[in-house]
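Have a look at the structure below before the remarks.
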Amino acid sequence: MELVIASNNPHKIRELRAIFKTLFPKHLPCDLRSLLDFPQYVAPPETEDTFEGNAKLKAAHAAAALNRWTIADDSGLVVPALGGDPGVYSARYAGAQATDVENRKKLLSQMQHLLDEDRNGYFECWIAVASPAGVKKCTHGICEGTILTEEKGGGGFGYDPLFVKHGYRKTFAEIEETIKTQVSHRGKAMRSLLPFLESLFSTVEV
């Protein structure tokens with residue numbers, strides 16, 4: 001069967017592909033594509049106020065428009081001491097067209113007065129799978145850690161250079177990609193989705 005990652009973000013697409021390879025190390029039982037393969041498609045505005053809502057919105061919209069099974073995630077960084085910000089606005093924290101660097105710079109500015117446990121935060125991810133008829137499954141994962149006062153590492157994307165998972169000494173931008181896919185919020189959400197994916201791949205006609 002064919003499964004479309006409902007995203008144009010090359011970093012997210014790469015990470016999801018890597019997670020799929022981890023889940024299905026011998027053979028991926030589907031043709032995994034992304035919205036980069038459908039340049040004519042226009043994604044809907046992310047109007048929901050929760051990660052779950054936006055994940056379902058993106059998956060259902062793309063599935064209906066492309067007439068294909070899709071998988072979509074919505075994720076971000078939550079800092080309780082900032083009232084939950086950046087939250088669902090993580091990708092556009094510093095503005096609609098903000099870069100990752102600009103978003104991180106704003107976060108550091110907003111957190112400059114915070115110390116110790118007030119610098120705790122967590123990544124949250126919701127992943128939805130949809131057929132052209134609508135959303136069929138949605139799972140989530142959380143990864144807790146600490147927000148640093150300066151960036152470290154050149155890998156990853158988004159807020160990775162500022163985030164150190166509890167129990168680790170390196171940021172998500174410093175650790176190996178294979179390790180990140182095992183312990184990250186997105187990796188956890190995908191593993192929760194594994195039983196559904198296995199059932200889907202075995203029952204949907206190719």
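None of the figures in this text is laboratory data; all of them are computed from the coordinates on show. Please read these numbers as outputs of a predicted model, since none were measured by experiment. We place every Cβ from the backbone using ideal geometry, glycine too, and count neighbours over all the protein chains shown.
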What angle, in degrees between 0 and 90 and rounded to the nearest 10, separates the Cα long axis of helix 100-110 from the longest principal axis of the Cα atoms of the chain? 40 degrees
If you take the beta carbon distance between Lys26 and Asn67 as r and set R0 to 30 Å, what does 1/(1 + (r/R0)^6) give as a FRET efficiency, to the nearest 0.05? 0.55
Proxy reagent accessibility, fewest Cβ within 10 Å first, across Lys136, Lys165: Lys136, Lys165
Angle between the Cα long axis of helix 10-23 and the longest principal axis of the chain, 0 to 90 degrees, nearest 10? 70 degrees
With runs of 4+ DSSP H residues as the only contributors, calculate the mean residue ellipticity of the chain at 222 nm using -39,500 (n - 2.57) per run, divided by the residue total and rounded to the nearest 500. -10500 deg cm²/dmol
Please give me, ordered by residue number, the GluC sites (Glu not before Pro) of region 136-176 that lie in loop per DSSP and have at most 11 other Cβ atoms within 10 Å. Glu150, Glu176
Simple Cβ-charge dipole of region 2-203, Lys/Arg +1 and Asp/Glu -1, about Cα centre, in debye nearest 20: 560 debye
On a 0 to 90 degree scale, rounded to 10, what angle separates helix 51-66 from the longest Cα axis of the chain? 30 degrees
